[in-house]
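See below for the structure under consideration.
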Amino acid sequence: MPLQSTPLYPMHLKYKGKIIDFGGWELPVQYEGMGIIKEHHMVRENAGLFDVSHMGEVIITGERAEDFVQKLVCNDVHGMKDYQVLYSPMCYPHGGVVDDLLIYRYSPTKYLLVVNAANVDKDFAWMRENLLPGVEAENVSSQYAQLALQGPLAEEILQNLTDTELSQIKFFQFNPAVKLAGVECIVSRTGYTGEDGFEIYVEPDQAETVWEAILEAGGERVSPIGLGARDSLRFEAKLPLYGQEIDQDISPLEAGLGYFVKFDNGDFIGREALLKQKQAGLKRKLVEFEMVGKGIPRSHFEVQKDGVVIGHVTSGLHAPTFKKPIGLALVDSKYSSPGTEIDIIIRGKAVKAVVGQGIFYRKRTKSK
């Protein structure tokens, strides 16, 4: 099957991105002249521009749209206000995760759901399978290009391109009618890096105009950022990645996302299984750890205690901000207490690590 490309693919070639196959998409892992580490620090210190047009978008409409979205996800949709954004896992009946998504509420009868790129077809099929009467779901992914501008200077740079007062878009809110460089856009303030920033939804044929305008407005304070730094930034901020921290076999409770599971807000798919899991006590938990011995933990590496397998690493790397190797692991709950020594199996050897708390990056997103 041929690889797909986003509307911004010409920009990746222009700025000399190193293109890789990312889940069937041609996307840059890094850009020439920068590299992953420099790009990572650029976002932490200034601003970085990401192409996230491969993400999926689904529009939900109808008189019972609110009830339907509430049925789909674990978080409290009924408590949302217009132009608010909500993060939530979406679960199977057994409590495993279909996907994690962002919910944009226009009104009680219209929602935009933003889903992970690799899960678009699966998610859309799941939504259609569970539709309520009088509700429609439309996959509109091809109608949007999506850019993300992240970093402490994001607002200052983007403000140069619009008369809309961007400070009025609070954290996890959106404005559906912002003109950037003369182009009509949806602009939200969420992010996947631990920094302040914006997501920009635009018609595909206008994406290059907005991309170039942002880079021109930011000058040396902004640069294009590839998938490599996108992953290291989200990881340092302890933001989950589907297929690693959560998947069909890992529940939101096990992944430490219990805050987003609201048992008191009516029924939702997976509620019964998750409630049973909570009442019985978790057998597995996601833990933070830092390496004591030499070695870099990677996804799926075995975790042992006294020679016995107790879990696996979900994500790990040499964190650029902290200049040391850290990781996340899903382990037997008996070994989840801070201070517990564990072994990460790296190239067949047991390398010491210690479970901790507060190891990861303290997010600098704007308060609500």
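Just so it is clear, none of the values below were taken in a lab; they were calculated from the coordinates. Keep in mind that this is a model prediction, so the values were computed, not measured. All Cβ positions, glycine included, derive from the backbone under ideal geometry; neighbour counts span all protein chains shown.
Summary table
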{"read-out": "Filter result (among the acidic types (Asp, Glu), touching a helix residue (DSSP H, G or I) at 6+ places or on another chain (Cβ under 9 Å) and surrounded by fewer than 18 Cβ atoms within 10 Å (Cβ to Cβ)) within region 209-237", "value": "GLU212"}
{"read-out": "Residue that is surrounded by the most Cβ atoms within 10 Å (Cβ to Cβ), among those in region 299-315 that are within 23 Å of the chain's Cα centre (by Cα) and touching a residue at least 24 places away in the same chain (Cβ under 8 Å)", "value": "THR314"}
{"read-out": "Pairs, first free of Cβ contacts under 8 Å to residues at least 40 places away in the same chain in region 205-227, second assigned to a helix (DSSP H, G or I) and aliphatic (A, V, I, L, M), C-beta under 8 Å, six or more apart", "value": "none"}
{"read-out": "Contacts under 9 angstrom Cβ, first residue in region 338-359 being without any contact (Cβ under 8 Å) to a residue 40 or more places away in the chain and farther than 17 Å from VAL308 by Cα, partner of a type in the set (A, V, I, L, M, F, W, C) and surrounded by fewer than 20 Cβ atoms within 10 Å (Cβ to Cβ), 6 or more apart", "value": "PRO338/VAL354; GLY339/VAL354"}
